[in-house]
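Below is one structure; the comments refer to it alone.
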Amino acid sequence: MLQPSDFILPVFITEGQNKKEEISSMPDFFRYSLDLAIEELKACYVMGLRCVLLFVKVPDELKDNAGKEALNENGLMQRSVRAIKKVLPDLVVMTDVALDPYSSFGHDGIVEDQQIVNDKTVEVLAKMSVSHANAGADFVAPSDMMDGRILAIRQALEREGLRQTGIMSYAAKYASCFYGPFRDALDSAPGFGDKKTYQMDPANRLEAIKEVEMDVEEGADIIMVKPAHAYLDIIREVKNSVHLPVSAYHVSGEYSMIKAAAKAGYLNEEQAVVEVLTAIKRAGADLIATYFAKQILQLIHKNK
């Protein structure tokens with residue numbers, strides 16, 4: 001049975017005041033300015049939400065190839081964490097750690113000669129994680145798939161005395177076609193090429209277990225599989241392989257497919273949402289990040 005504690009609500013935050021912008025490729029899902037994001041989280045908290053995953057939309061003029069804005073202690077992410085923790089101190093706040101929202105190239109890492117440079121990127125990701133932790137993040141969630149970044153982040157947090165900050169690692173993140181609407185939401189589509197050089201081949205099962213085991217050894221606290229609905233077998237394999245909590249990300253394209261089919265009258269949206277999220281939990285996910293989190297919270301609350 002689905003419970004409110006099963007869910008992580010992704011939230012997209014944009015600069016400004018009193019802004020609520022529907023994402024065209026994600027019907028009924030919005031980008032919020034920080035003031036309205038807090039109101040949305042307060043409403044969800046009343047219904048039992050206890051975990052949020054933050055993403056920020058960075059203005060184009062602040063994007064570069066070095067991640068400078070990602071390290072700004074007064075940047076949108078850092079301000080958001082502080083403001084949310086002040087209003088909802090018991091809400092678990094997770095932060096996205098990747099460079100694509102900050103990158104002038106739209107990639108998850110620093111680019112040199114049309115290539116993603118792993119080690120330089122990892123250095124920035126570690127500093128970024130420390131910045132989020134100092135702002136009050138309970139978990140940092142590196143979604144970049146660079147090699148060695150979990151160990152680097154863990155060591156950086158330890159050096160700064162931030163031992164209470166957890167790491168939710170996107171350990172098995174596939175190069176999926178289902179990410180398109182998310183990239184619309186944050187204007188973070190790659191400016192050249194694709195992300196197949198650092199995300200995983202959808203046909204590769206064994207690599208997922210290898211990547212997960214490496215991240216466990218490097219110090220991850222939660223392991224994530226992404227996407228979720230199309231990768232139920234991977235969720236189960238990961239759950240069978242590790243002794244850490246497993247999370248799964250029901251991604252934007254998976255959300256939008258259900259919305260589109262329901263709008264066309266091909267299926268019942270509420271029934272489809274419950275069935276799909278139940279399947280993800282049944283496969284072994286202890287936590288599910290989903291854009292349907294508020295909707296399922298409302299349903300659980302209604303049926304109490």
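The values are calculated or read from the model by the stated rules, or taken from the named source; none is laboratory data. If you're wondering where the values come from, they're calculated on a predicted model, not measured in any experiment. Positions of Cβ are generated from backbone atoms using ideal geometry, with glycine treated the same way; all protein chains shown enter the neighbour counts. Keep in mind that these areas ignore ligands, DNA and RNA; they rest on the heavy atoms of the full protein, side chains included. Shrake-Rupley method; radii C 1.70, N 1.55, O 1.52, S 1.80 Å.
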By my count, helices (runs of 4 or more DSSP H) wholly in the stretch 188-304 with at least 2 residues that are under 30 Å from Lys57 (Cα atoms) and of a type in the set (Asp, Glu) are 206-218, 269-283
Every residue from the stretch 205-256 that is closer than 20 Å to Leu157 by Cα, acidic (Asp, Glu) and in contact with a Phe, Trp or Tyr (Cβ under 8 Å, 6 or more places away or on another chain): Asp221
State which residue pairs qualify: first residue of a type in the set (Lys, Arg) and inside the stretch 141-159, second residue open to solvent by 10 Å² or more (accessible area, probe 1.4 Å) and modelled with pLDDT of 95 or more in any location, beta carbons under 6 Å apart, and separation of 6 or more residues or different chains. Arg154/Gly219
Take the stretch 200-256 and flag every residue that is over 20 Å from Phe55 (Cβ atoms) and aromatic (Phe, Trp, Tyr). Tyr231
Filter the stretch 67-108 down to the residues that are part of a loop (DSSP other than H, G, I, E, B) and either under 11 Å from Ala135 (Cα atoms) or among the polar types (S, T, N, Q) (or both), then identify the one that is least open to solvent (accessible area, probe 1.4 Å). Gly75
If you go through the stretch 1-28 one residue at a time, how many are open to solvent by less than 50 Å² (accessible area, probe 1.4 Å), modelled with pLDDT of 95 or more and assigned to a strand (DSSP E or B)? 8
Taking the criterion of being assigned to a loop (DSSP other than H, G, I, E, B) and under 18 Å from the mean Cα position of the chain (by Cα), would at least one residue in the stretch 40-52 satisfy it? yes
